[in-house]
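Okay, handing you the structure first.
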Amino acid sequence: MSRIVQFLETGRLDYQKALRLQQYFARKGTDEAAKDFRNVLILTEHEPVYTIGIRDGACTPQDVARLQNLGAEFHKTNRGGLITFHGPGQLIAYPILNLRNFQPSVRWYVCQVQQTIVEMCKKFNINATTTDDMGVWVKNKKICAVGINVSRYVTTHGIALNCNTDLTWFQHIVPCGLVGKGVTSMSEELGRNVEIGEVIPHFLDSFGSTFECDLQKFPDAGRFDLFNYINDDDAQSNDMAKMKRKQ
C-alpha cells in the first residue's frame, strides 16, 4: 500500500475543539500552495452535544434551549444530515482525507466509510448493514451515524459509532430526522459492556483494509503544538480573519 493515513487519538474532546482540529488539517488540503498536507484520521469522544447539519431548518430556538437544559451543548455544523447526538461511549472518527489520493468521488467515499463500519461490526459478530438511509443499521436501529462535508475533495466530519453510549439521550430528538427508526449500540447488541478502547483497534484494521491505506500513529512530536493550537483562541481569530480576506 502506498497511501498513508496518520491516526490521531485525542481522548475526550469538546466538540468545538474537535472542529478546530479538523479545520486545522483540512485547510492544508484546500490551500493549493500547501505542500505539507497529510491524510489524518482523528479518533475522539465528545461530552454530550447535539448537532444539526446544513439541511436542518426545523430546529427552533425553543428546541435548542430544551436540549441545552438537559446538560448538553448544541452546535450547528456544515455537515450533511439532520440532528443527532454525540456523547461519552461513542467513538467519533473524523477522516481528513484528500480524495484525490484515493478516488475523487463523494459517493465512493460515503460507501467506503459505511463499509468500514459494516466490516468492523462483523468482527464482533454484529450483523450490520447499509440501507437507503445514511448510516449503518442493525435491523431497524442505527448503530452508527454518518455525516460528512467535502470541500475541494477534502473531507471533514465523519462517523459516530455507539459503543456503550447512553441511548436515552436520543429520546429527546428524532435522530437524523428518521421517524419510526431506533438507535442501538454495540453494548446493547452484544449484551455486555463494549468500551471505545476495545473497538478502536478493530476500527483501524477495517479502515485500513477498506480504504487500502497504511495507518501510522500521528507523531508524538507534533501533538503538543497541535493541542496548544486548538486551545489558542487568538490563533483561531487570526486564522478566521485570513480566511475571510481570501474569500
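The values are calculated or read from the model by the stated rules, or taken from the named source; none is laboratory data. All values reported here derive from a predicted model rather than from experimental measurement. All Cβ positions, even for glycine, are placed from backbone atoms using ideal geometry, and neighbour counts span all protein chains on display. The accessibility values were calculated without ligands, DNA or RNA, using every heavy atom of the protein model including side chains. Shrake-Rupley method; radii C 1.70, N 1.55, O 1.52, S 1.80 Å.
Sequence-distant or interchain residues sharing an amide H contact under 5 Å with ILE96, placed H: which?
VAL40, LEU41, ILE42
Summing -39500 (n - 2.57) over the DSSP H runs of n ≥ 4 in the chain and dividing by its residue number, what mean residue ellipticity at 222 nm do you reach, to the nearest 500 deg cm²/dmol?
Calculated from helices alone, the mean residue ellipticity at 222 nm is -11000 deg cm²/dmol.
Hey, rough spin-label estimate for ASN140 and LYS122, points 7 angstrom out along Cα→Cβ, what's it come to in nanometres?
If labels sit at ASN140 and LYS122, their model points lie 2.7 nm apart.
Still on this structure, I have one more. Length gain on complete extension for the stretch LYS217 to SER151, per 0.36 nm per residue less the alpha carbon to alpha carbon distance?
21.2 nm
Okay, moving on. Expressed as a rounded percentage, what relative contact order does the stretch 3-237 have, with Cα pairs under 8 Å and six or more residues apart?
Relative contact order, the stretch 3-237: 23 percent.
Assign unit charges at the C-beta atoms only (+1 for Lys and Arg, -1 for Asp and Glu), then state the dipole size of the stretch 3-237 relative to its Cα centre in Debye, rounded to the nearest 20.
600 debye
May I pose another question? How high is the FRET efficiency between ASP133 and ASN231 when r is their beta carbon distance and R₀ equals 35 Å, given to the nearest 0.05?
E between ASP133 and ASN231, to the nearest 0.05, is 0.40.
Sticking with this structure for a sec: Between ALA65 and LEU190, what length in nm is gained on full extension when 0.36 nm per residue of separation is reduced by their alpha carbon distance?
41.5 nm
Let me ask something else about it. Assuming 1.306 mPa s and 10 °C, estimate D for the stretch 104-159 with Stokes-Einstein, Rh taken as the Kirkwood radius over Cα pairs, in µm²/s.
It comes out at roughly 135 µm²/s.
While we're looking at this one, here's another question. Tell me the carbon and sulfur percent of the accessible area for the stretch 3-237, rounded to whole percent, probe radius 1.4 Å.
Carbon and sulfur together cover 47 percent of it.
Roughly how many Å² is the accessible area per residue of the stretch 3-237, as a whole number, for a 1.4 Å probe?
46 Å²
Report, largest value first, the span of the C-alpha coordinates of the stretch 3-237 along each principal axis, in whole Å.
Principal extents (largest minus smallest coordinate, Cα): 48, 41, 31 Å.
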